[in-house]
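Asks: First, the structure itself, so that you have it in front of you.
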C-alpha cells in the first residue's frame, strides 16, 4: 500500500491516494507527496534551489543566525511554556483574591501577567520562524486558529494590565467590573489553552510511530 506524507506537518497517510485534507493541519491533498524508499519528502519539498553566494548585511546576518538557533534548539516550544505555565497560575491567583479576599495574590497575578507580556514578542517571533521554516508558512485552519489565539492572548494581556493600572482596586473591591475583569482573564486562559492544544496536535498528531 502506498504511503503519502504531508509536507506541512509530516502526517503519514496509507492508501492508494492522499486524503483530500490532512487530518492534523488541514492542508489539502496537493501538499502530500508519495513516500518512496528512503526519501524524505518534507526535506525535498522544503529544499530551495542553490543561490549565488552574497554577503548579507549585519542585520540580515543576525536575523539568519537567530532563525538558525530557533530551528536548531527548538526555542518556540521552550518559550511558549512561559504563557502556558504562568497564565493559569495568574488566573487562579485572581480568583483567590476575588472569592477569598487575599490582595497579595492579586499583586502576584499582576506581576505574572506583566512578565508574560514581556515574553510574548519572543514567543511570537520564534513561533513565526518555526511556521515559516518547518511548515512552509502554510495558512491552514490549524495555523489560523493558532494565530487568532495569539492575537487574543496579547489583547487580553494588555486589557488586564492596563485596566489594573487605571483601576488598582478592580479585583479587590466588590463591583460588577470585577466579574468582567475575571471573565477577560478566563478568555486569556482559554486562548492560551487553544494555542497549546493546536500546537500539541501539530507536534504529536502528525508523526508516524
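Where a number appears in this text, it was derived from the coordinates with a stated rule and is not lab data. Bear in mind that the values here come from a model prediction, so they are computed numbers and not experimental data. Heads up, the Cβs are rebuilt from the backbone with ideal geometry, glycines too, and the neighbour counts pull from every protein chain shown.
Asks: What is the fewest-to-most order of 106, 129 by other Cβ atoms lying within 10 Å of their Cβ?
Replies: Ranking 106, 129 by Cβ neighbours within 10 Å, fewest first, gives 129, 106.
Asks: With every atom except the alpha carbons ignored, what do you get for Rg and Dmax of the chain, in angstroms?
Replies: Radius of gyration, then largest Cα-Cα span, for the chain: 21.5, 67 Å.
Asks: Taking Cα pairs under 8 Å and at least six residues apart, what relative contact order does the chain come out at, in percent?
Replies: 25 percent
Asks: Further question on the same structure: What residue among 58, 190, 130 shows peak mean-square fluctuation when the chain is described by a Gaussian network model with Cα springs under 10 Å?
Replies: 58
Asks: For segment 157-177 and segment 1-16, compute the distance between their C-alpha centroids and round to whole Å.
Replies: Each part reduced to its Cα centre gives a spacing of 50 Å.
Asks: Over the residues of segment 69-138, compute the C-alpha Rg and express it relative to 2.2 N^0.38 Å.
Replies: Taking N as the residue count of segment 69-138, the ratio is 1.42.
Asks: In which sequence would 4, 179 go, from the one with the fewest C-beta neighbours within 10 Å to the one with the most?
Replies: 179, 4
Asks: Which of 13, 197, 76 comes first, and how do the rest follow, when ranked by fewest Cβ neighbours within 10 Å?
Replies: Lowest to highest Cβ neighbour count: 197, 13, 76.
Asks: Considering the Cα positions of segment 88-176, please state its Rg to one decimal place and its Dmax as a whole number of Å.
Replies: 16.4, 50
Asks: Before rounding to the nearest 500, sum -39500 (n - 2.57) across all DSSP H runs of length at least 4 in the chain and divide by the residue total; then give [θ] at 222 nm in deg cm²/dmol.
Replies: Estimated from H runs of four or more residues: -22000 deg cm²/dmol.
Asks: Right, here's the next one. Kindly state, to the nearest 0.05, the FRET efficiency for residue 197 paired with residue 155, given R0 = 22 Å and r defined as their beta-carbon distance.
Replies: The pair residue 197/residue 155 has a calculated efficiency of 0.70.
Asks: Separate question: Roughly how many whole Å is it from the C-alpha centroid of segment 65-109 to that of segment 112-142?
Replies: 15 Å
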